[in-house]
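Quick notes on the structure that follows.
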């Protein structure tokens, strides 16, 4: 009976659901309570710094601890504590941000460990976060549900993660490889290059990935469409982000990395100039987001024995991409700029980040 239950409830299912709940809870408390802070601009910066920039050191710590579920549970606990009434706004921002970071690292390593070299599981894991942020933010602003409902959901999630871990391994020790920060060049085929040359080549790949992720982050916060004022189109927009990330990994595993990158970003670049029409806008965003799990897949191959650290490098790039918008609040209204950014991302990924062509 236990084996049958576990076959139905795999790690990817549990942590994808948990990702939705955590992002919902964080967005809810940020817009329900933290938004009341007179120094909101500072609080939201601190929240984003803790939630994204700190994932890199937390990831390395988690790699060494080799207790991924414990790290994820700690994240859930931090988010629950952020719901304590009358917390100072600064403390709330730190707690919610750290909760977000610890959960994503613990869950992310766990999913990467069971991915068996495929990008599809990574896309499925990351995709529910967008819809959690959308509905959590909306319900938080409207204050249409009481906070204790969210606390209850977090408590249930905590128990689900405990039960899942008990069924899977009966211990909190997980299956991380011994930590080694040596960089591996995907599809290197036993090249006889010196170690220094391989290191700099790997570093160049990581910088390329960070640029792509940073540009995607900037586009995510700065790109605006007039048709998003319609609630129907707003939901379709969020669905395009969710399904783009989910299907990007699946398509990668079927037709190969380079084919997926080239087709998705080239078509997105053609769609963006027409994106003020809802059909082309939703299609462009869908296609643009397909490379999200692919970038995560590539960096997990470059640093295969420190997956949490690798995950954190790209979330640090997310934070860097958010900073330009935070500092000047300029939105992207010229959709030609969106096409240029898409083409730059395409060129970087095709020219610098070629890797193993995994086709199912």
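The selection criterion, being closer than 30 Å to residue 176 by Cβ, surrounded by 19 or more Cβ atoms within 10 Å (Cβ to Cβ) and out of contact with any helix residue (DSSP H, G or I) (no Cβ under 6 Å at 6 or more places or on another chain), does not hold for residue 314. Residues in segment 55-85 that are assigned to a loop (DSSP other than H, G, I, E, B) and within 27 Å of residue 169 (Cβ to Cβ): 66, 67. Of the numbered criteria (1) modelled with pLDDT under 95; (2) outside any loop (DSSP other than H, G, I, E, B); (3) farther than 22 Å from residue 77 by Cα, the one residue 144 fails is (2). Looking across 304, 278, 293, one residue alone is over 17 Å from residue 56 (Cβ atoms) and in contact (Cβ under 8 Å) with a residue 60 or more places away in the chain. It is 293.
As for segment 326-339, it holds at least one residue that is buried (at least 23 other Cβ atoms within 10 Å of the Cβ) and at pLDDT below 95. Here is a check on your reading of the model: is residue 144 within 30 Å of residue 285 (Cα to Cα) and without any contact (Cβ under 8 Å) to a residue 12 or more places away in the chain? Judged against the criteria, residue 144 is a match. Residues of segment 93-132 that are more than 16 Å from residue 249 (Cα to Cα) and without any contact (Cβ under 8 Å) to a residue 40 or more places away in the chain: 95 alone. When 83, 6, 47, 28 are checked against the criterion of being in contact with a helix residue (DSSP H, G or I) (Cβ under 6 Å, 6 or more places away or on another chain) and modelled with pLDDT under 95, a single residue qualifies: 6.
Tell me, please, whether a residue that is over 24 Å from residue 214 (Cα atoms) and either touching a strand residue (DSSP E or B) at 6+ places or on another chain (Cβ under 9 Å) or surrounded by fewer than 21 Cβ atoms within 10 Å (Cβ to Cβ) (or both) can be found in segment 48-56. Within segment 48-56, not a single residue is over 24 Å from residue 214 (Cα atoms) and either touching a strand residue (DSSP E or B) at 6+ places or on another chain (Cβ under 9 Å) or surrounded by fewer than 21 Cβ atoms within 10 Å (Cβ to Cβ) (or both). Return the residue satisfying two criteria in turn: it lies in segment 300-311 and is modelled with pLDDT of 95 or more and in a helix (DSSP H, G or I), and of such residues it is surrounded by the fewest Cβ atoms within 10 Å (Cβ to Cβ). Step by step, filter segment 300-311, then rank; the result is 309.
For segment 236-256, state whether one or more residues are surrounded by fewer than 20 Cβ atoms within 10 Å (Cβ to Cβ), free of Cβ contacts under 8 Å to residues at least 60 places away in the same chain and in a helix (DSSP H, G or I). The answer is yes; a qualifying residue exists.
Suppose the filter is surrounded by fewer than 17 Cβ atoms within 10 Å (Cβ to Cβ) and either part of a helix (DSSP H, G or I) or modelled with pLDDT of 95 or more (or both); does residue 159 pass it?
Details: surrounded by fewer than 17 Cβ atoms within 10 Å (Cβ to Cβ): yes; either part of a helix (DSSP H, G or I) or modelled with pLDDT of 95 or more (or both): yes.
The answer is yes for residue 159.
Pull up segment 72-92, narrow it to residues that are in contact (Cβ under 8 Å) with a residue 60 or more places away in the chain and buried (at least 18 other Cβ atoms within 10 Å of the Cβ), then point me to the one that is nearest to the chain's Cα centre (by Cα). The extreme case among them is 72. Taking every residue in segment 313-341 that is at positive phi and pairing it with any residue that is loosely packed, with under 14 Cβ neighbours inside 10 Å and part of a helix (DSSP H, G or I), at least 6 positions away or on another chain, yields no pair with a Cβ-Cβ distance below 8 Å.
Restricting the search to segment 32-43, which residues are assigned to a helix (DSSP H, G or I) and either at positive phi or crowded, with 19+ Cβ neighbours inside 10 Å (or both)? Please lay out each step first, then the result.
To start, the set of residues in segment 32-43 that are assigned to a helix (DSSP H, G or I) comprises 32, 34-36, 40-43.
Hits for segment 32-43 are 32, 34, 43.
The values are calculated or read from the model by the stated rules, or taken from the named source; none is laboratory data. Computed from a predicted model, the values in this text were never measured in an experiment. With ideal geometry, Cβ positions are generated from the backbone for all residues, glycine too; neighbour counts draw on all protein chains shown.
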